[in-house]
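In what follows, a structure is listed as structure tokens, so that the remarks can point back to it.
The values are calculated or read from the model by the stated rules, or taken from the named source; none is laboratory data. If you're wondering where the values come from, they're calculated on a predicted model, not measured in any experiment. FYI the Cβ positions are ideal-geometry reconstructions off the backbone, even for glycines, and counts take in every protein chain you see. When the accessible area is computed, the model is the full protein with side chains, heavy atoms only, and any ligands, DNA or RNA have been set aside. Shrake-Rupley method; radii C 1.70, N 1.55, O 1.52, S 1.80 Å.
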Amino acid sequence: MPRPKGFDTDHVIDAAMSAFWNKGYAATSAQDLVESTGLGRGSLYHSFSGKHQLFMEALRRYESEWTARQVELLGGDGPVRGRIRTVLMTVVDEESGVVPANRGCLAVNSIVELGGSDPEATAQVRRIFDRMQDAFQEALERARRDDEISANRDPRALAAYLLTVMYGLRVLGKTADRETMIGTVETALASL
């Protein structure tokens, strides 16, 4: 009979996600994962079969927690422009250091590091991006029905544009000042 695991899998995945988020995939060593999770190497590799599987679990956790929060916000009550602004300003706040622990976005960090060289990670990040684009589209369709945006605007095209703005802010935030990023948000909202 197999012995039950003596650790909280969710805690381990969260700790590993934090390690990968802080250092990136390649720079996160087995020792970093041991230290962050509190598990021995043998337990980590027995439970997750290696660093890559643990990384994939971390990306899935990121989607189920962090991406889900943004999707929920976009689907909430109130004017759609205000909800879109809140999502984009959250990115500005995180990238400009208003929110502590500026680490960027795990999905963006991962695709910049691994896009094209790791098909499984690329596919997972694509799912995250698609989920965000779908959430923007649903919000924009509602905005069109509520006459917040013109009926002749294509919600799918606008959603792709907002997705580009959102993740572009993540990259821009590595070098730009807060005022520049806020200007980008305001320009995006004005274009709707």
Can you give the angle from 0 to 90° between the axis of helix 80-95 and the longest principal axis of the chain, with both taken from C-alpha atoms, to the nearest 10? 50
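For the chain, what is the accessible area per residue in Å², given a 1.4 Å probe and the full set of protein chains? List each step's numbers first, then the result.
Values: 9640 Å² over 192 residues.
Per-residue value: 50 Å².
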For the stretch 7-19, what does the Karplus curve 6.51 cos²θ - 1.76 cosθ + 1.60, with θ = phi - 60°, yield as ³J(HN,Hα) per residue in whole Hz, taken in order and with x for Gly and Pro? 8, 8, 4, 4, 4, 4, 5, 4, 5, 5, 4, 4, 5
Calculate, for residue 9 and residue 145, the FRET efficiency according to 1/(1 + (r/R0)^6) with r their C-beta to C-beta distance and R0 41 Å; round to the nearest 0.05. 0.45
How tilted is helix 155-172 with respect to the longest principal axis of the chain? Cα atoms for both, answer in degrees (0 to 90, nearest 10). 60
Carbon-plus-sulfur fraction of the accessible area of the chain, 1.4 Å probe, in percent? 53
Assuming R0 = 41 Å, what is the FRET efficiency of residue 77 and residue 32, from their Cβ-Cβ distance, to the nearest 0.05? 0.50
Helix 119-145 axis, angle to the chain major axis (alpha carbon atoms, nearest 10°): 30
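Report the equivalent ellipsoid semi-axes for the stretch 1-102 in whole Å, largest first, defined as the square roots of five times the eigenvalues of the gyration tensor built from alpha carbon atoms. Write down the numbers at each step before the final one.
Working: eigenvalues 220, 54, 19 Å².
For the stretch 1-102, the semi-axes come out at 33, 16, 10 Å.
Students sometimes get this wrong: rank 67, 122 by accessible area, probe 1.4 Å, all chains present, largest first. Walk me through the intermediate numbers first.
Working: 67 0, 122 45 Å².
Result of the area sort, largest leading: 122, 67.
Per the helix-only calculation at 222 nm, which mean residue ellipticity applies to the chain, given -39500 (n - 2.57) for every DSSP H run of n ≥ 4 and division by its residues, nearest 500 deg cm²/dmol?
Numbers: 10 runs with 133 residues, N = 192.
That calculation yields -22000 deg cm²/dmol at 222 nm.
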In the chain, taking the dipole from +1 charges on Lys and Arg beta carbons and -1 charges on Asp and Glu beta carbons about the Cα centre, the listed residue (136, 119, 68) farthest towards the positive end is 119
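Rounded if a/c is under 1.5, else prolate if a/b beats b/c, else oblate: with a ≥ b ≥ c from the C-alpha gyration tensor eigenvalues square-rooted, which is the stretch 71-192? Provide the component values of the computation, followed by the final result.
Values: a/c = 2.06, a/b = 1.31, b/c = 1.57.
Judged from the Cα gyration tensor, the stretch 71-192 comes out oblate (a/c at least 1.5, b/c at or above a/b).
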Show me, for the stretch 29-44, the HN-Hα J-couplings you get by feeding each phi into the Karplus relation (A = 6.51, B = -1.76, C = 1.60, θ = phi - 60°), rounded to Hz, glycine and proline as x. 8, 4, 5, 4, 5, 4, 5, 6, 8, x, 9, x, 4, x, 5, 4
Note: the stretch 56-104 at 10 °C, 1.306 mPa s; Kirkwood Rh on alpha carbon pairs; Stokes-Einstein D in µm²/s works out to 134
